[in-house]
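A quick write-up on the structure given underneath.
The values are calculated or read from the model by the stated rules, or taken from the named source; none is laboratory data. Given the structure is predicted, the values throughout are model-derived calculations rather than measurements. We place every Cβ from the backbone using ideal geometry, glycine too, and count neighbours over all the protein chains shown. SASA here: full protein model, heavy atoms, side chains in, ligands and nucleic acids out. Shrake-Rupley method; radii C 1.70, N 1.55, O 1.52, S 1.80 Å.
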Amino acid sequence: MSEQKATRARRIRSARAAIRHGNVAPRKGGRTLLSWIGAGLAVVMVATVSIAGIAFWDISRSANAGVALANDQRIPDIGAIEGGVNFLLVGSDSREGTDPGVFDADPGSVLNDVNILLHISADHTNATVVSIPRDMVVHYADCPDGGGGWSGPINGTLNEGGLPCVVLTVEELTGLSIPFAAMIQFNGVIEMANAIGGVEVCVAEPIEDEYTQTFLDAGMHTLSGLQALQFLRTRHGVGDGSDLGRISNQQVFLSSLVRKLKSAQTLTNPVALFGLAKAAISNMTLSNSLNNIDTMMSIAMALKDIPLENVVFVQYPSSTGGTGIYAGKVQPNQAEADALFAALLADQPIALSGTTGNGSVVDPDAEAKAAAQAEAEAKAAAKAAKKATATPTPTATPGATATPTPTSAPVAVLPENVNGQTANDYTCSAGRTLDQQ
């Protein structure tokens with residue numbers, strides 16, 4: 001073995017050891033709680049009602065303080081939320097509460113390195129997930145507590161004015177009103193990945209990234225905890241090493257996550273939803289409009305019947321360029337962005353005509369996996385239908401909304417230079433080794 005290869009092997013072994021050392025174990029209390037719920041369900045109606053009350057109290061007492069947004073809404077009763085939904089998820093790079101032996105030093109300023117906008121159509125037949133590159137130069141909105149009003153990379157808006165400033169900036173950028181928002185930090189991602197039970201991803205070529213300690217061989221991997229966080233953070237280890245490549249790699253994970261939730265009927269399983277809701281409300285900073293279990297359940301119910309092919313992940317239309325102090329930064333492709341958000345404002349479903357992006361490739365086994373997914377969904381649906389027919393029909397919840405009537409809005413086909421994929425597209429990470437960096 002050459003000295004160069006030996007050095008590379010040592011670097012990988014060292015990083016992998018750090019990953020093993022830093023794994024976060026699932027909370028023991030979660031297992032005990034779920035076991036207790038499972039036993040209680042056998043005690044028929046009285047116990048079920050009691051458990052529901054205890055579960056609601058347990059989630060509510062775990063909630064962090066909410067954040068007031070200009071467009072806060074409250075949903076009074078549990079049922080599929082009425083009309084459309086615009087929700088912004090912000091990922092903070094804060095190291096608060098993390099293991100200093102695993103993560104690098106606190107950077108000082110707190111940046112919003114992940115900005116993901118979810119739009120659910122008013123008829124609940126399609127959903128669009130827009131990832132906004134962290135380095136994209138935008139105009140900062142005037143923040144509620146002062147500041148803003150100039151231009152810079154969007155990931156500075158959280159440090160400038162907190163979550164409300166990020167929301168206002170994205171509203172100004174997209175033209176959409178965003179009444180729901182949440183912020184998650186590193187430990188929150190770890191806990192959410194554990195609550196989901198891990199996500200299976202396909203890696204086409206090895207991923208090697210010393211910066212995030214992500215080392216994955218080619219093949220299938222089920223990622224949970226810290227390993228899931230590192231996969232979502234990696235930039236140097238995928239595509240061309242850019243933030244745009246990272247987004248398409250993240251969409252490999254997100255599309256697989258949606259498929260898992262659909263095939264397991266998670267969004268119709270109260271126990272599974274309880275676990276996810278508890279993890280979310282305990283590990284996220286939520287807008288006041290979202291800081292209650294009713295709203296979470298309402299949004300989940302709006303998502304549960306959307307077909308996989310109608311869940312579209314898209315990268316905000318952009319490219320690397322710029323001049324002066326922003327040379328090399330990501331710039332919006334305005335014409336394509338206008339087409340995307342005009343469609344969302346009109347509640348049109350969108351279709352992609354471009355590629356998945358340079359951080360991912362089409363899975364060579366996509367056809368077989370799609371067939372297996374369809375079979376799993378059919379079995380889960382049949383099981384749910386059988387259970388439903390054996391259970392007395394419950395009295396409708398006061399105020400719950402009926403299923404919206406689907407509209408016939410025309411599909412907006414985006415230009416070829418807009419990257420993304422649907423939840424029904426099977427993709428693999430386009431890995432990048434240390435020798436390629």
> What are the extents of the Cα atoms of segment 198-260 along their three principal axes, listed from largest to smallest and rounded to whole Å?
Replying inline: 28, 20, 20
>> For a Förster distance of 41 Å, can you work out the FRET efficiency between the beta-carbons of residue 325 and residue 269, rounded to the nearest 0.05?
In response: 0.20
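Within 12 Å, Cβ to Cβ, of residue 166, how many net charges do the neighbouring residues add up to if Lys/Arg are +1 and Asp/Glu are -1?
-3
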>> Give me, ordered by chain and number, the residues 5 or more places off residue 333 or on other chains with an amide H under 5 Å from its own placed amide H.
In response: 318, 319
> Extension gain residue 351-residue 436, at 0.36 nm per residue separation less the Cα-Cα distance, in nm?
Replying inline: 27.3 nm
>> Checking a compactness column here: for segment 70-175, what do you get for Rg(Cα) / (2.2 N^0.38 Å), N being the number of residues?
In response: 1.23
>> Give me the three principal axis extents of segment 250-362 from the C-alpha atoms, as integers in angstrom, largest value leading.
In response: 52, 31, 30
> So what's segment 150-200 giving for Cα Rg divided by 2.2 N^0.38 Å, two decimals?
Replying inline: 1.45
> Carbon-plus-sulfur fraction of the accessible area of segment 130-193, 1.4 Å probe, in percent?
Replying inline: 48
>> Amide H of residue 141 versus every other amide H placed in the peptide plane: which residues, excluding those fewer than 5 positions away on the same chain, fall under 5 Å?
In response: 149, 169
>> Order 131, 263, 177 by their accessible area, 1.4 angstrom probe, all chains in place, largest first.
In response: 177, 263, 131
> Excluding same-chain residues fewer than 8 positions from residue 304, which aspartates and glutamates have a Cα within less than 17 Å of its Cα?
Replying inline: 82, 123, 294, 377
> Does anything in segment 336-370 have its amide N under 19 Å from the 7 Å Cα→Cβ label point of residue 412, and if so which residues?
Replying inline: 336-355
> What are the residues whose amide H is under 5 Å from the amide H of residue 122, where those residues sit 5 or more places off or on another chain and H is modelled from the backbone?
Replying inline: 84
